[in-house]
Amino acid sequence: MIHGYAFTRFLRLLTAIAILAAGCTDSSDEYRRIHYACWGTPEQERAARALVDAFEERYPHIRVDVSVMGYGQYFNKIQTMMVGNVAPDVFMIGVNYYDEWASRGVLLDLSSEFEDLQREAAIMPVPRNAVKRGSRVFGLPITVMGEVTFANLDALREAGVDIPDDEGVTWEWMVEQAPRLSRLSGNPDAPTDYAFPVQQPFVFLRQWGVELFDDPYHPSRTAIDHDAAVRAIEFLRMVYSEGYTIPPDVGRDVGANLLFRDGRLAFTFGTYMLTALFEHEVDFEWDVLPFPAGKVSSQAMLGSVSLAVWEGTRNEEAARKFAHFAASPEGARINMGRLRTLPVYHEIAYGEEFLGMSPPDSMVRFSDAMREGRAAPHLYAPGSQQVSRIVNDRLTEAIIRPDIPPGKIARGIDMDLDRWLDRMRRQGIF
């Protein structure tokens, strides 16, 4: 007896044999095989296979092999495969690598497919801006890792903390509530060890009104407001000195999300993918709030994920079809049902099909995160990862060396970025 999955594969094999036996020569009907790679968990692999099954049903002459890798080594592996000329035909790519690889010419131009998708449904502003470079697009957006605030509602009730309306979720509000929530800041009656994490210190620069460059797409000079940077650094230092947040060594060894899961953290910040972790592994009531606003901006740091096609693909037509299908509204609905990605289309993101999913109760927070915001490293250009490291290194120095004046830290960021920009010019990148 042949069981369901084996029977499905058996039917596909018969279909392939029939096509080959018929001696088809038309390129639209020929049997094709492509390789699709993504990162993620076993659940991500199931989501990828559900997507592939739907695609193969639509295009029975195309077969898609799936590779799911751990995120930690994913980009190194893809890059190694490119060098070896055996890269996947279609693969997921994050915003940190998007411009780097596009500038090297290893990604096919998908502008035509992008325009086709926009005619099918309106793409939200953040995912659209994350992939469009002038009139060209090198990846089709499939999700935005927009951060929101995850809240332990039981801990907040125990501490007597009332949740404000959307406009009231600010870093100042978080700090005001922190003494009631942080045992390790000196309150033995607090329900949690820490109030909130600071996973990306450079978020304070953006939200305190600091832009690193004159143009995030084509930077020509640094544009740091030193006074605003000093205020952001002073706030960051205060948060650490009061014991409200996780010390860097604890955060590195344990991780904020695990502390939240275990009830030791009142708030954490993260993307929609955390819902899969918290849904079955916490024994308290939780929900999501907007990402805290800063002094100037309410923009959260956002990461965009798109599908790229390798320029060395031997089955370009099939690869383009799969990328288009996976990034289409139909593909978005398949992925959405697997609790892994956010739909990048306005009508789906704000439709009852998505907003009615639970947990959490406040799904609209994830959709709102796609209205505005920019990439996490402040830059939509090659070298964004280097920029992130430069800024984070200086802000880490500010945390562990409180004796260094904040103005000196701000000037250090400016000088480091200016030197980086000069190197990039000499290399002909800018």
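The values are calculated or read from the model by the stated rules, or taken from the named source; none is laboratory data. Computed from a prediction, not measured in an experiment: that's the story for all the values here. Because the Cβ atoms are built from the backbone with ideal geometry, glycine has one as well, and the counts that use them run over all protein chains shown.
Observations on the model:
- Condition check for Phe235: under 22 Å from the mean Cα position of the chain (by Cα) and assigned to a helix (DSSP H, G or I): no
- Among the residues listed as Ala326, Ala332, Ala369, Ala319, the single one being touching a residue at least 24 places away in the same chain (Cβ under 8 Å), surrounded by 15 or more Cβ atoms within 10 Å (Cβ to Cβ) and over 20 Å from the mean Cα position of the chain (by Cα): Ala319
- Number of residues in segment 238-263 that are over 24 Å from the mean Cα position of the chain (by Cα), buried (at least 20 other Cβ atoms within 10 Å of the Cβ) and not hydroxyl-bearing (Ser, Thr, Tyr) equals 1.
- Considering only residues in segment 64-101 that are closer than 17 Å to Glu45 by Cα and of a type in the set (Ser, Thr, Tyr), the one that is farthest from the chain's Cα centre (by Cα) turns out to be Ser67.
- Residue count, segment 281-301 (criterion: more than 18 Å from Gln200 (Cα to Cα), outside any helix (DSSP H, G or I) and either more than 19 Å from the chain's Cα centre (by Cα) or not aliphatic (A, V, I, L, M) (or both)): 6
- Output for segment 198-217, where each listed residue is assigned to a loop (DSSP other than H, G, I, E, B) and in contact (Cβ under 8 Å) with a residue 12 or more places away in the chain: Val198, Gln199, Gln200, Pro201, Phe202, Trp208, Gly209, Val210, Glu211, Leu212, Pro216, Tyr217
- Residue match in segment 310-321 (condition: charged (D, E, K, R), outside the structural domain of Ala369 (by TED's automatic domain parsing) and in a helix (DSSP H, G or I)): no
- Residue match in segment 185-197 (condition: under 20 Å from Gly303 (Cα atoms) and of a type outside the set (Phe, Trp, Tyr)): yes
- Members of segment 238-280 that are small (Gly, Ala, Ser) and either assigned to a helix (DSSP H, G or I) or in contact with a strand residue (DSSP E or B) (Cβ under 9 Å, 6 or more places away or on another chain) (or both): Ser241, Gly243, Gly251, Ala256, Gly263, Ala266, Gly270, Ala276
- Complete set of residues in segment 96-144 that are part of a strand (DSSP E or B) and surrounded by fewer than 21 Cβ atoms within 10 Å (Cβ to Cβ): Lys132, Arg133, Arg136
- Restricting the first member to segment 383-412 and to residues that are within 24 Å of Pro216 (Cα to Cα), and the second to residues that are surrounded by 21 or more Cβ atoms within 10 Å (Cβ to Cβ) and small (Gly, Ala, Ser), the beta-carbon pairs closer than 8 Å and six or more apart or on different chains are Ser384/Ala375; Ser388/Ala376; Ile409/Ala229; Ile409/Ala398; Ala410/Ala229.
- Residue check, Ala178 surrounded by 22 or more Cβ atoms within 10 Å (Cβ to Cβ) and modelled with pLDDT of 95 or more: yes
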